[in-house]
1. For the list (1) farther than 16 Å from B:Ile212 by Cα; (2) among the β-branched types (Val, Ile, Thr); (3) more than 14 Å from chain A (Cβ to nearest Cβ), I need the number of the one condition that B:Ile34 fails.
2. Is it the case that some residue within the stretch B:180-202 is of a type in the set (Ser, Thr, Tyr), assigned to a strand (DSSP E or B) and under 28 Å from B:Glu116 (Cβ atoms)?
3. Can you tell me which of A:Phe245, A:Phe216 is among the hydrophobic types (A, V, I, L, M, F, W, C), in contact (Cβ under 8 Å) with a residue 60 or more places away in the chain and in contact with a strand residue (DSSP E or B) (Cβ under 7 Å, 6 or more places away or on another chain)?
4. One residue is enough: does the stretch B:176-186 have a residue meeting the conditions out of contact with any Pro (no Cβ under 8 Å at 6 or more places or on another chain), within 12 Å of another protein chain (Cβ to nearest Cβ) and among the hydrophobic types (A, V, I, L, M, F, W, C)?
5. Among the residues of the stretch B:98-109, is there at least one that is under 24 Å from B:Ile54 (Cβ atoms) and away from chain A (no Cβ under 14 Å)?
6. Which residues, counting only those in the stretch B:181-196, are at pLDDT 95 or above and either under 17 Å from the mean Cα position of the chain (by Cα) or not assigned by TED's automatic domain parsing to the domain that holds B:Lys120 (or both)?
7. Just the residues that are more than 28 Å from B:Ile222 (Cα to Cα) and β-branched (Val, Ile, Thr), please, taken from the stretch B:236-289.
Amino acid sequence: MNIQAIKAIYIFEMSRTIRTLVQSIASPVISTVLYFIVFGSAIGSRMENISDVSYGSFIVPGLILLTVSLQSLSNASFSIYFPRFIGTINELLSAPVSYTEIVIGYISAAVTKSMIIGLIILITASFLVDISIQHPIWMICILFLSCVAFSLMGFIVGIWAKNFEQITIIPDLIITPLVFLGGSFYSITLLPEFWQKVTLFNPIVYLISGFRWAFFGNSDVYIGYSIFAIITFTLICLLIIWRIFSTGYRIKN
Amino acid sequence: MKNIIEIKNLSKKFVDGTEALSSVNLDIHDGEIIALLGPNGAGKTTLISAVCGITNMSSGSVQVAGFDVKKDYRKTRSIIGLVPQEIALQPFEKVIDVVRYSRNLFGFKNDDKYIEDILKRLLLWEKKDKRIVELSGGMKRRVIIAKALSHNPKILFLDEPTAGVDVDLRIDMWQLIKEIRAKGTTIILTTHYIEEAQEIADRISIINKGKILLTEKKTELIEKMGQKVISIVLSEAINHTKYSDEFDIINDAESNQHIIHYNYLKSDKNFDRFITTLKNDGHVINNIETKEKSLEEIFLDIVSK
Ligand SMILES: Nc1ncnc2c1ncn2[C@@H]1O[C@H](COP(=O)(O)OP(=O)(O)O)[C@@H](O)[C@H]1O
Ligand SMILES: [Mg+2]
């Protein structure tokens with residue numbers, strides 16, 4: 001194991017984050033506050049409680065996941081796309097570094113950043129609404145796994161993308177709609193029966209439901225399914241990355 | 001002589017179908033400076049990329065210090081340094097950070113003294129805290145050299161290190177390459193400048209259209225440079241074919257029947273016999289002109305065949 005290299009990649013990526021600290025952290029905090037003002041206070045005050053949870057508190061897990069998933073995706077995809085774009089990836093490929101080490105280096109940096117943002121949103125939200133977390137350990141685990149899964153997915157996008165537009169296509173056209181429709185801001189039990197069934201094909205539903213269970217102790221789908229879905233999603237991403245590297249797809253041909 | 005790199009039947013076809021290398025064989029000797037000389041698009045960069053792990057090879061094998069570059073990539077890559085043709089640097093990082101990063105990436109712990117020595121040698125020490133975007137083109141090129149040297153490699157690849165560089169800097173670069181070799185580092189350098197190969201290489205390998213055409217000691221190639229073309233102007237037209245079997249005469253388009261171009265190699269014993277034969281056959285020689293072949297012409301000869 002080339003630990004030096006993993007450390008070097010991690011530190012290099014984190015120092016990029018630190019250099020752009022204000023925009024990295026301020027923007028998610030500001031958008032969270034905006035969401036709470038609009039949904040939590042303005043609209044939320046007129047909304048009924050969902051399963052005994054006030055609407056303002058109800059949207060906290062969804063909001064965290066929404067931000068964290070998009071942040072993980074964009075951080076990870078950019079962190080590998082940029083070296084491809086400017087050509088510094090060649091140094092990485094010519095170094096005695098295994099693919100696993102490359103992935104660990106980049107993904108752990110992206111996950112660290114997303115976790116920090118997720119926790120900052122949680123802290124910000126706790127000033128605005130009442131939050132009590134029923135299963136804190138599970139909450140951290142699910143948050144962590146979600147960051148890992150979306151960072152891996154971002155990594156794939158960053159290798160697949162041929163230009164900057166393509167990097168934003170996946171988050172804008174696929175992830176954002178799936179997260180919104182996955183029950184970030186409502187319980188899927190509020191949907192007509194047909195749409196409830198359709199929604200179950202949306203993998204994000206399991207993520208949000210599981211995460212919400214960690215907060216409030218009740219969920220739209222059985223928690224076991226959620227855990228299963230998150231782990232499956234992560235494994236699929238790992239498999240794709242393994243394929244990418246073993247064939248040299250868009251990197252070494 | 002020990003081979004530090006052995007390339008066997010290396011071929012590379014890109015996904016778009018371009019055949020950049022076809023069945024390349026090349027041995028590189030420990031401690032030498034070898035120049036890969038070839039025009040643009042010859043496959044020089046592709047060859048380096050395949051050895052260094054930047055591109056997958058389609059077939060063939062490469063051994064570095066006795067290890068296979070695919071199976072034992074950690075062993076082979078950790079002793080190789082690469083100065084790429086295109087300067088690629090993270091624009092907002094500091095000079096010293098990108099150099100340290102390279103060292104770490106190659107599995108080595110920080111060594112401030114060593115990095116300081118390299119940066120001083122490359123006249124970058126004063127610039128160590130500058131960001132890459134603040135540097136001139138020449139400085140950036142020195143930064144990528146510092147990165148390649150940061151893990152003290154046994155083998156150094158320099159891909160067109162002086163392309164587009166002015167004369168003074170080129171001479172500095174040659175000096176630097178000689179210094180690095182003096183420490184025992186094997187150097188593989190690509191270039192399309194003949195005088196560069198002539199100036200610093202021990203051996204020269206000529207590559208064109210993905211094929212190695214010849215690999216020879218520079219001194220032997222210069223021996224060939226001693227080759228002359230002697231034009232013999234006769235008083236009347238003669239039949240060339242009568243002599244072309246026995247003597248090395250050139251049947252190029254320019255030859256008209258009055259002039260014979262004779263390929264004269266160093267201390268050619270046949271030349272005297274050729275002149276005698278001409279005279280015995282009753283031909284009258286009006287004039288003799290000689291012309292030296294430059295390495296450039298030898299190179300063009302080889303490449304155009
Ligand atoms: N990524 C690539 N995809 C397709 N063709 C390529 C690629 N890189 C290089 N080539 C082609 O391979 C040939 C050799 O290129 P290269 O090794 O860069 O030559 P050199 O370094 O000698 O100038 C050229 O015809 C070039 O166009
Ligand atoms: Mg080249």
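1. In the conditions (1) farther than 16 Å from B:Ile212 by Cα; (2) among the β-branched types (Val, Ile, Thr); (3) more than 14 Å from chain A (Cβ to nearest Cβ), B:Ile34 misses (1) alone.
2. Quick first cut of the stretch B:180-202, residues of a type in the set (Ser, Thr, Tyr) only: B:185-186, B:190-191, B:193.
Now drop any that are not assigned to a strand (DSSP E or B), which leaves B:186, B:190-191.
Subsequent filtering for residues that are under 28 Å from B:Glu116 (Cβ atoms) retains B:186.
Yes, some residue in the stretch B:180-202 is of a type in the set (Ser, Thr, Tyr), assigned to a strand (DSSP E or B) and under 28 Å from B:Glu116 (Cβ atoms).
3. On the way: A:Phe245 fails: in contact with a strand residue (DSSP E or B) (Cβ under 7 Å, 6 or more places away or on another chain).
Answer to the selection: A:Phe216.
4. Keep residues of the stretch B:176-186 that are out of contact with any Pro (no Cβ under 8 Å at 6 or more places or on another chain), which gives B:176, B:178-184, B:186.
Subsequent filtering for residues that are within 12 Å of another protein chain (Cβ to nearest Cβ) retains none.
No: zero hits.
5. Residues of the stretch B:98-109 that are under 24 Å from B:Ile54 (Cβ atoms), as a first pass: B:98-108.
Narrowing further to those that are away from chain A (no Cβ under 14 Å): none.
No - not one qualifying residue is present in the stretch B:98-109.
6. Result: B:Arg181, B:Thr185, B:Thr186, B:Ile187, B:Ile188, B:Leu189, B:Thr190.
7. Scanning the stretch B:236-289 gives B:Ile238, B:Thr241, B:Thr276, B:Thr277, B:Val284, B:Ile285.
Rundown of residues vs (1) surrounded by fewer than 16 Cβ atoms within 10 Å (Cβ to Cβ); (2) without any contact (Cβ under 8 Å) to a residue 12 or more places away in the chain, yes/no style:
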site	(1), (2)
B:Lys2	yes, no
B:Ala35	no, no
B:Thr46	no, no
B:Phe92	yes, no
B:Lys109	yes, yes
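The values are calculated or read from the model by the stated rules, or taken from the named source; none is laboratory data. Since the model is a prediction, treat every value here as computed from it, not as a measurement. Neighbour counts run over all protein chains shown; Cβ positions are idealised from the backbone, glycine included.
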